[in-house]
Every structure is written in C-alpha cells, then in structure tokens.
Amino acid sequence: VLAGFAKAAHAGRAPTVSGSGAAVRDFLDVRDAARAVAKSLDAMAAAQPPPATLNVGGGGRTILELAQTACDAAEVPRGLIEHTSTDVEDTSHWSLDSTLAGDAIDWKPQETLIQALRERWASENLDS
C-alpha cells in the first residue's frame, strides 16, 4: 500500500484510496526495528534480559493518512488523492502497542514516515 502511494505521489500522480481509507495499519522503519533488536541484545549482555516477546511498531495510521503523507513527502497537493468506491468498507485496525518495549528496553520509534520516504527518494529512483 505505502509503496504504491509513494510511487504515485513521487511521479505526481494521484494515489488511489479504496473507500474512505479508514482502515489503520502500522508501519515501522527498518532502522527502528534494528535499534529494538540492538537494545534487546544489549540488555541480554548486561544480564537483564527483556521479556521474551516485545511488540515494536511505528504507531497506527489510517490508509488515508498514509496517502496524505506520501503526498506531503513528494510535495504534491493532497487534493490529488482519489477515492474508489467499495462495496465493503475496510475499517480494521492493525497497530502494535510498543509500551512494553519502551519500559523494558527504553525503546521508541525515532524515524518518521515522511522522513523515511524523503530519504528513500533521495537515495534511489522510484520511477524504475
């Protein structure tokens, strides 16, 4: 979903959102995931192992917010976003609670979605 929105917005085309875009998804920058792993390993090395399972997430965003962020990162008007009609509106909510990771290993996401998109565009060509 995000890659499609990003590629369309970067090319100045309309990102297309199914329905209202109310469904919530969680995206995490790989650098934040790596930091969580490193902090867990550091805690284990210090003989203070974290709980066996930690959720690490970037915070939930609606599909519409993802499309808007892609437009903002590409510096194109949000008005480009198109909505398609759908028979069944997806209003599901998939987002992780990272509270335990914050408490156990002092972790929270540091990278923003818009920052990650802009850095990707600066480092590679999305048109290919």
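Scanning the range 93-107 for residues that are part of a loop (DSSP other than H, G, I, E, B) and closer than 14 Å to Ala38 by Cβ yields Asp106, Trp107. For the range 72-85, the criterion of being within 21 Å of Ala8 (Cβ to Cβ), touching a residue at least 40 places away in the same chain (Cβ under 8 Å), β-branched (Val, Ile, Thr) and in a loop (DSSP other than H, G, I, E, B) is met by at least one residue. Taking the criterion of being surrounded by 13 or more Cβ atoms within 10 Å (Cβ to Cβ) and of a type in the set (Val, Ile, Thr), the residues of the range 33-72 that qualify are Val37, Val56, Thr62, Ile63, Thr69.
Does the range 10-32 contain any residue that is touching a helix residue (DSSP H, G or I) at 6+ places or on another chain (Cβ under 9 Å), surrounded by fewer than 16 Cβ atoms within 10 Å (Cβ to Cβ) and acidic (Asp, Glu)? No, the range 10-32 contains no residue that is touching a helix residue (DSSP H, G or I) at 6+ places or on another chain (Cβ under 9 Å), surrounded by fewer than 16 Cβ atoms within 10 Å (Cβ to Cβ) and acidic (Asp, Glu). Here Pro109 meets each of (1) open to solvent by less than 40 Å² (accessible area, probe 1.4 Å); (2) touching a residue at least 60 places away in the same chain (Cβ under 8 Å) with one exception, condition (1). When the strands (runs of 3 or more DSSP E) confined to the range 3-70 are screened for residues that are within 12 Å of the chain's Cα centre (by Cα), those reaching at least 1 such residues are found at 24-26, 60-62. Which pairs have Cβ atoms under 9 Å, sit 6 or more apart or on different chains, and link a residue in the range 39-68 that is in contact (Cβ under 8 Å) with a residue 40 or more places away in the chain and at positive phi to one that is in a loop (DSSP other than H, G, I, E, B) and aromatic (Phe, Trp, Tyr)? Hits for this filter: Gly59/Phe27.
The values are calculated or read from the model by the stated rules, or taken from the named source; none is laboratory data. Please read all numbers here as calculations on a predicted model, not as lab measurements. So basically every Cβ, Gly included, is an ideal-geometry build from the backbone, and we count neighbours across all protein chains shown. Just so you know, the surface numbers come from the protein's heavy atoms only, side chains and all, with ligands and any DNA or RNA stripped out. Shrake-Rupley method; radii C 1.70, N 1.55, O 1.52, S 1.80 Å.
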